[in-house]
Amino acid sequence: MEDENKLINPDWAKHGYIQVYTGNGKGKTTASLGLAMRALGRKWKVLIVMFTKGGDNYGELKSFRNLSPNIKDNLKIVQAGLDRIVYSDNKSEDDAKEIQNGWNLVKKAIKNNEYNLIIMDEANIAIALKFLDVDEVVEVLKNKPQEMEIVLTGRDADPKIIEIAHLVSRIEPVKHYWDTGVVARKGIEY
């Protein structure tokens, strides 16, 4: 009887949602990583898959490596990309392989209910570039465990992803120093 009531009246404090951070403004990944830190502080198990991002030149990776062991034990970070920026005119089979490996890991983690929070960083880009099939992603997300929270970041979120999401934040630039010629700065943009 108690299990039946849980299905009818889920514990909303423990219910997991699908969040999307999209738009052309700066801060989508940063927001998701702040959420990861908050979850880790509550002893949640967190998986971060960085689609289209390889290499070791990310300040957040350096920070996460230096977390205390009792926090770091609850975190797994996987880079599912090459050490370069991927655009529609330079994508390759190697990009596709890396991204597919990351997606397979996410699917397995969702199916096995291994994490409380999964961050699919730049998943929207991987979908927009046709590395990931949006219909497959939607189907997997729709069937996630009830208490699992999932975040997708990246520009150009597909309307199908936005439709199934419970929270969508569109980060749009109002003013950016890049427009005056300032290049990406270590510690701020990466």
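Throughout, read-outs are computed from the coordinates displayed, never taken from laboratory work. Keep in mind that this is a model prediction, so the values were computed, not measured. Note that each Cβ is placed from the backbone with ideal geometry, even for glycine, and that neighbours are counted across all protein chains shown.
Listed by position, the helices (runs of 4 or more DSSP H) contained in the stretch 56-141 that have at least 1 residues being without any contact (Cβ under 8 Å) to a residue 24 or more places away in the chain and out of contact with any Cys (no Cβ under 9 Å at 6 or more places or on another chain) are 59-65, 69-72, 93-111.
Answer yes or no: is there a residue in the stretch 165-188 that is among the hydroxyl-bearing types (S, T, Y), farther than 15 Å from G23 by Cβ and touching a Phe, Trp or Tyr at 6+ places or on another chain (Cβ under 9 Å). Checked the stretch 165-188: no residue is among the hydroxyl-bearing types (S, T, Y), farther than 15 Å from G23 by Cβ and touching a Phe, Trp or Tyr at 6+ places or on another chain (Cβ under 9 Å).
Condition first: surrounded by fewer than 16 Cβ atoms within 10 Å (Cβ to Cβ), under 21 Å from A36 (Cα atoms) and among the β-branched types (V, I, T). Can you find one or more residues in the stretch 52-72 that meet it? Yes, the stretch 52-72 has at least one match.
Identify all residues within the stretch 52-70 that are touching a Leu at 6+ places or on another chain (Cβ under 8 Å), among the hydrophobic types (A, V, I, L, M, F, W, C) and under 18 Å from M120 (Cα atoms); write none if there are none. Selection gives F64 alone.
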